[in-house]
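Engineer: The following block contains the structure, expressed as structure tokens.
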Amino acid sequence: MFISPAYAQGIGGGDGFTTLVPLVLIFAVFYFLLIRPQQKRAKTHREMLGNIRRGDKIVTGGGILGKVIKVRDNDELDVEIAEGVKIRVQRGGVSGVMAKPGTPGAAAPGPGQQSGGLLGKLLGGGR
């Protein structure tokens, strides 16, 4: 016979611990690079939405800028977007709150200040 018989290879693969280690490492990387930062961002956004008061300048999800003139209840805000033009916005539709003028910490970082955290510093964000 010209062809030798082929036999199935034995079950190698090692013990269960060595096959489980890469999966645990992958999960840890995903947790620290994706899940944890997203949870922090969501927490700060919830806090920001909870701290909206009358007189705050806000930006809606659609990009409309306005000033909060009345907080109706936990879910609705009356916002003045122009002189005499008022709209009602759901609190969840607010994407950002611009700091009131004269409030401490209202200024954006100046040319000599760093911003962006550790990753921004590593990537040269605060030149």
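Engineer: Return only the number of the condition from (1) at pLDDT 95 or above; (2) of a type outside the set (D, E, K, R); (3) in contact with a Ser or Thr (Cβ under 6 Å, 6 or more places away or on another chain) that GLY61 does not satisfy.
Structural biologist: Here GLY61 meets the rest and fails (1).
Engineer: Can you tell me how many residues within the range 67-98 are under 20 Å from the mean Cα position of the chain (by Cα) and on the phi > 0 side of the Ramachandran plot?
Structural biologist: First, the residues of the range 67-98 that are under 20 Å from the mean Cα position of the chain (by Cα): 90-98.
Checking the rest, the ones that are also on the phi > 0 side of the Ramachandran plot come to none.
Counting residues in the range 67-98 that are under 20 Å from the mean Cα position of the chain (by Cα) and on the phi > 0 side of the Ramachandran plot gives 0.
Engineer: Here are ASP78, ASP73: which of them is under 22 Å from HIS45 (Cα atoms) and either surrounded by 12 or more Cβ atoms within 10 Å (Cβ to Cβ) or at pLDDT 95 or above (or both)? Break it down into steps so the answer makes sense when it comes.
Structural biologist: Numbers: ASP73 fails: either surrounded by 12 or more Cβ atoms within 10 Å (Cβ to Cβ) or at pLDDT 95 or above (or both).
Exactly one residue qualifies, and that residue is ASP78.
Engineer: Between a residue in the range 10-24 that is at pLDDT below 75 and any residue that is outside any loop (DSSP other than H, G, I, E, B), which pairs come within a Cβ distance under 9 Å, given they are 6 or more apart or on different chains?
Structural biologist: Within 9 Å, the pairs are GLY13/THR19.
For every residue, the table says whether it meets (1) part of a loop (DSSP other than H, G, I, E, B); (2) touching a Cys at 6+ places or on another chain (Cβ under 6 Å); (3) loosely packed, with under 12 Cβ neighbours inside 10 Å; (4) modelled with pLDDT of 90 or more.
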| residue | (1), (2), (3), (4) |
| --- | --- |
| PHE30 | no, no, yes, yes |
| ILE52 | yes, no, no, yes |
| GLY110 | yes, no, yes, no |
| LEU119 | no, no, yes, no |
| GLY125 | yes, no, no, no |
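The values are calculated or read from the model by the stated rules, or taken from the named source; none is laboratory data. Because the structure is predicted, anything quoted here is derived from the model rather than measured. As a convention, Cβ positions derive from the backbone with ideal geometry for all residues, glycine included, and neighbour counts pool all protein chains shown.
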